Amino acid sequence: MPVYIRNPNAEGDIEEWCIVELQGDLEVRGDRMMDGQFIGDLLYNKYGQPILIIGHHILQGRCQKIDKPLLVMEKCSTRGKQQQRRTQDDVEDNETMLDVSQVSHLDSSIASSNRTVLDSTVAVEHKTVPKTEYLVRAVVRQKVLFKARPKPIIANVAKSV
C-alpha cells in the first residue's frame, strides 16, 4: 500500500516547531480539559535562556537539540475515483434508479429490477477507493527543557508595616 506524503507549502518551506518538556505534571482546577487552554508565558532573556512563567511560578530552562528530528504529520482521508469518465450505461442505470424509486407499489417485476439497481449502485460505489495521505505540518529539531523545580514569584513586601 503506498503512503502519500505531501508538503502543503508550494515553495517547500516547512515550519519548525519546538517541544516544551517539563518535569512533573500540570494540573488544572476543576474538571476542565487542557486542550486549547493558556498555560503560561514563554520568554527568552538576553542570554537566550528560556523562561516559563505559569501563574505565580517561574521556571528556567535551556534549549537542547534533538538527536533525531521528528516530523509532525496530519492524516487526511479522501475518496479518489478510479474512473473519471462515465459511460452511457452508467447514465442509463442512474435513470433506471430514478424510475424505480418513483414507483410506490411493488410487484415481482419491479423487485427483480430493484435488485439490478442495487447491484449497479454497489458497482458505482466500488469505483471510488478511499485514499489516505499525510500532510507534513512541521519538523521538530530542538526542545526546550525545564528540569528544575518551579520557583514561586513573590512580590516585594514593605519592611515596615
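The values are calculated or read from the model by the stated rules, or taken from the named source; none is laboratory data. Since we're looking at a predicted model, the values are computed, not measured. Because the Cβ atoms are built from the backbone with ideal geometry, glycine has one as well, and the counts that use them run over all protein chains shown.
Some points to look at:
- Checking region 40-49 against the condition returns a match, with at least one residue being among the hydroxyl-bearing types (Ser, Thr, Tyr) and modelled with pLDDT of 90 or more.
- Single condition residue 52 does not satisfy, out of (1) over 25 Å from the mean Cα position of the chain (by Cα); (2) loosely packed, with under 14 Cβ neighbours inside 10 Å: (2)
- Some residue of region 104-117 being modelled with pLDDT of 50 or more, touching a strand residue (DSSP E or B) at 6+ places or on another chain (Cβ under 6 Å) and on the phi < 0 side of the Ramachandran plot: no
- Scan of region 16-36 for residues that are within 24 Å of the chain's Cα centre (by Cα) and of a type in the set (Asp, Glu), ordered by number: 16, 21, 35
- Region 137-161, residues that are more than 14 Å from residue 54 (Cβ to Cβ), part of a loop (DSSP other than H, G, I, E, B) and not basic (Lys, Arg): 154, 155, 156, 157, 158, 160, 161
- Selection status of residue 75, surrounded by fewer than 10 Cβ atoms within 10 Å (Cβ to Cβ), within 24 Å of the chain's Cα centre (by Cα), modelled with pLDDT of 85 or more and among the basic types (Lys, Arg): yes
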